[in-house]
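Novice: To start, I am sharing the structure in question, which I have written as structure tokens.
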2 protein chains.
Amino acid sequence: MNDKNNALEQSQTSKQVTPWDVKDVVDYDKLIKEFGVTKIDEEDLKYLKTLAQKRGLDEHIFLRRGLFYAHMDLKKVIELHKRREPIFLYTGRSPGSGEMHLGHLIPFQFTKYLQQLFDCNLYIEIPDDEKFLFKKKIEHLNDVEEFVKKDIEHITAVGFNVDKTFIFRTSKYIGIMYPLLLKIAKKITFSQARNTFGFEGESNIGQIFYPSIQIAPTMFESAQCLIPCAIDQNPYFLLQRDFAQKLGFYKNATILSKFLPALTGSTGKMSASNEESAILLTDNANTIKKKINKYAFSGGQETLELHRELGGNCEIDVSFQWLKMFLMEDDEELEQIRIAYESGKLLSGELKKICIEKVQNVIEEHQRRLEEVRANNEVEILMKTGILAKNMWEKNFLD
Amino acid sequence: MNDKNNALEQSQTSKQVTPWDVKDVVDYDKLIKEFGVTKIDEEDLKYLKTLAQKRGLDEHIFLRRGLFYAHMDLKKVIELHKRREPIFLYTGRSPGSGEMHLGHLIPFQFTKYLQQLFDCNLYIEIPDDEKFLFKKKIEHLNDVEEFVKKDIEHITAVGFNVDKTFIFRTSKYIGIMYPLLLKIAKKITFSQARNTFGFEGESNIGQIFYPSIQIAPTMFESAQCLIPCAIDQNPYFLLQRDFAQKLGFYKNATILSKFLPALTGSTGKMSASNEESAILLTDNANTIKKKINKYAFSGGQETLELHRELGGNCEIDVSFQWLKMFLMEDDEELEQIRIAYESGKLLSGELKKICIEKVQNVIEEHQRRLEEVRANNEVEILMKTGILAKNMWEKNFLD
């Protein structure tokens, strides 16, 4: 292996899912065991539903349909919330691997919902150092730079509580949070980091330090932190629980999602580096239509005759899975589509058409919000001038 | 070994000298081989002497007497300087282990001299993170904080060129130099860091990242960097040479000193953590006198009669060694003292008296300068408002 900086990527091939890579087929029940997390149960769902109703909101489709399906310590979060103790949210997005796509909206949309439920502070980290450290092909920091601004606009467009949300770039905020990074770094041994992330001799020393950066926001407040994210990010937060209390903070909790299936197949993680498998947040209606028609993996039969006779397979049909996981709110409507498709009454092209319209609506609404974000300089508010943002720029982590 | 954070300190016991610890007896010729450096030769000395004369300065006592005795690439620095190509200086001081003592002045005094010779920029890093990461007993960052301000005042009192010197604290400057840290960190594998510094599984991930921080200032300019420092710091700068050119920078050069012998014995490193073995920069004349009279290891004989008969041993006498290494400029005067002491004519108490006066003069002059520094707010100039300092706060390392 001459290729030193690629070592970590290569070393990860034995594991199916790591924070940096997700391979083909994902067995989500197996992942629960692998990551040492718990399935969200009926009791949890009930509390969140009751809370939603109090806020005049519905139970979120991502919960109803099991897109967010696992957690660490969600019950503790609920207990604390019942006792009116403060909690806060933290999530993030690492820029640099490509344009943001539909799958990237999922955790942010859900985070917005949780912020509404708990009416709490939210920290969004943009680790603009991560891709440079972990991807050999990203040779210059400027290669990441071009994505950072766009990504932050997309995230802002999701529409968080402007006075309770702080979006920050690692490279810009490190001057303030450095004392916290030091406290965390001192608590993590190389052995622990190696066991958690598979680091080895060829890993660079920036990669090895990086967990401090992703863990730091879990300690931005002396309160319970809940992290909505995709399940592949959980190892960082499992590690946090080893030492958080020694530093005087709470063990963090997570609420974890599956990956949105790629257009080209209903398993694995949608990837923007594979253009054809992703609906980008900047795609126009026509591109969306073309992409879904051309690439969306179909569970339909090979000929019209066979389809009418045997019906389609919803389990592997990406259009159906997308409708089920996040696009079609109405349970009954979805069930009618399932029956029609599996009976052969609904054709693959017709199913795609339904999916296309839904996706076009989501993306159109997102792009409309994007215009607002630019017009109102909302990024500035979340990063600098909002109440929480302002406080965070005046914060002193050197206690 | 339950004591995880102490692992690195413990792991270093097999090596005599590391950047974090220096054991008892030091064989400086052996160190040259161990650190892969070269002795300063007559030719080098001659060039520096000629240069000094051009500036109206004498050959420095630290060079004449061999306190600075080794180097990496000093000849290249000299070649570049002959060709009128720019060079710059970098040195530093890690605060937190105790008050600054006489030995700590040495590299700074010599750095000031080199700045005069080369009329060049100088960067002084105050890595206020290092001791917290490497010393288990320093549990709070605030334990370091109390030393930082004092240390910077002492360093400023040495009297550098105010418009060509920049003193910075790691924790304050990291927001600006972080892109450079990332570039460096990506070039150092764990294996390399382990081989250089002896890191192991129990090392914390902050320690492992730390070399990036100590190396970064060698790349503050696209020019030749020369680092005056004690020889135990050389491993960082040996490592820098493995990848500097790949990042588009020069391989750094060093000029290396021995350690000032502790009062209690003429070998090893003077340590402020052992109060009795160090003359602190804040000691008054009386304390200096008491400390030297009480603790200075003597090469004299046990009784007056024996001393008159056999004479003293200059090689192990700390007072004589201090005079030789850095206190007594005049060669002839020193030689007369040597003859008198070795012949038994000069008594131990008399030799100590000569040493005491010289040390009192150095410390008095330093404390006088310290008053000036405070009165003129010179720290502010070197850290913020001087020409170089100002430029560095506006610098963008994201190329």
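Novice: Can you tell me which residue is nearest to A:G201 (Cα to Cα) among those in the stretch B:159-194 that are among the β-branched types (V, I, T) and either surrounded by fewer than 17 Cβ atoms within 10 Å (Cβ to Cβ) or at the interface with chain A (Cβ under 10 Å from one of its Cβ atoms) (or both)?
Specialist: Of everything passing the filter in the stretch B:159-194, B:T189 is nearest to A:G201 (Cα to Cα).
Novice: Here is a list: B:T303, B:T282. Which entry is out of contact with any strand residue (DSSP E or B) (no Cβ under 6 Å at 6 or more places or on another chain), of a type in the set (S, T, Y) and touching a residue at least 40 places away in the same chain (Cβ under 8 Å)?
Specialist: None of the other options fit; the residue is B:T282.
Novice: Looking at the stretch A:54-78, I want the residues that are over 19 Å from A:E34 (Cα atoms) and have a partner that is among the hydroxyl-bearing types (S, T, Y) and modelled with pLDDT of 95 or more with Cβ atoms under 8 Å, at least 6 apart or on another chain. Which pairs are those?
Specialist: A:L57/A:Y113; A:H60/A:Y113; A:F62/A:Y113; A:F62/A:S257; A:I78/A:Y47
Novice: Still on this structure: Scanning the stretch A:136-154 for residues that are out of contact with any helix residue (DSSP H, G or I) (no Cβ under 6 Å at 6 or more places or on another chain) and at pLDDT 95 or above, which turns out farthest from the other protein chains (Cβ to nearest Cβ)?
Specialist: Going through the qualifying residues, I end up with A:H154.
Novice: Could you tell me how many of the residues in the stretch B:332-361 are closer than 20 Å to B:Q109 by Cα and either of a type in the set (D, E, K, R) or without any contact (Cβ under 8 Å) to a residue 40 or more places away in the chain (or both)?
Specialist: Of the residues in that region, 3 qualify.
Novice: Determine whether B:E372 is without any contact (Cβ under 8 Å) to a residue 24 or more places away in the chain and assigned to a helix (DSSP H, G or I).
Specialist: Considered against the rule, which asks whether it is without any contact (Cβ under 8 Å) to a residue 24 or more places away in the chain and assigned to a helix (DSSP H, G or I), B:E372 comes out as no.
Novice: Of these, A:L247, A:L323, A:L226, which one is in the same structural domain as A:E357 (by TED's automatic domain parsing) and of a type in the set (A, V, I, L, M, F, W, C)?
Specialist: Of A:L247, A:L323, A:L226, the one residue that is in the same structural domain as A:E357 (by TED's automatic domain parsing) and of a type in the set (A, V, I, L, M, F, W, C) is A:L323.
Novice: Is it true that some residue in the stretch A:104-127 is within 12 Å of chain B (Cβ to nearest Cβ) and among the aliphatic types (A, V, I, L, M)?
Specialist: no
Novice: Please find, within the stretch B:32-89, the residue that is surrounded by the fewest Cβ atoms within 10 Å (Cβ to Cβ) out of those that are over 20 Å from the mean Cα position of the chain (by Cα) and hydrophobic (A, V, I, L, M, F, W, C).
Specialist: The extreme case among them is B:L57.
Novice: How do the pairs read when you match residues in the stretch A:195-212 that are within 7 Å of chain B (Cβ to nearest Cβ) with residues anywhere that are surrounded by fewer than 24 Cβ atoms within 10 Å (Cβ to Cβ) and among the charged types (D, E, K, R), using Cβ under 6 Å and keeping only pairs 6 or more apart or on different chains?
Specialist: Final answer for the pair search is A:E202/A:K4.
Novice: Please return the ranges of helices (runs of 4 or more DSSP H) entirely within the stretch A:280-354 where 1 or more residues are under 30 Å from the mean Cα position of the chain (by Cα).
Specialist: Once the helices (runs of 4 or more DSSP H) in the stretch A:280-354 are filtered for at least 1 residues that are under 30 Å from the mean Cα position of the chain (by Cα), what remains is A:285-295, A:318-322, A:331-343.
Novice: Mind checking which residues of the stretch A:106-127 are aliphatic (A, V, I, L, M), modelled with pLDDT of 95 or more and under 24 Å from A:D283 (Cβ atoms)?
Specialist: Residues satisfying the conditions are A:I124, A:I126.
The values are calculated or read from the model by the stated rules, or taken from the named source; none is laboratory data. Remember, it's a predicted structure, so these values are computed and weren't measured experimentally. Quick reminder, even Gly has a Cβ in these numbers, built from the backbone with ideal geometry, and neighbours come from all protein chains shown.
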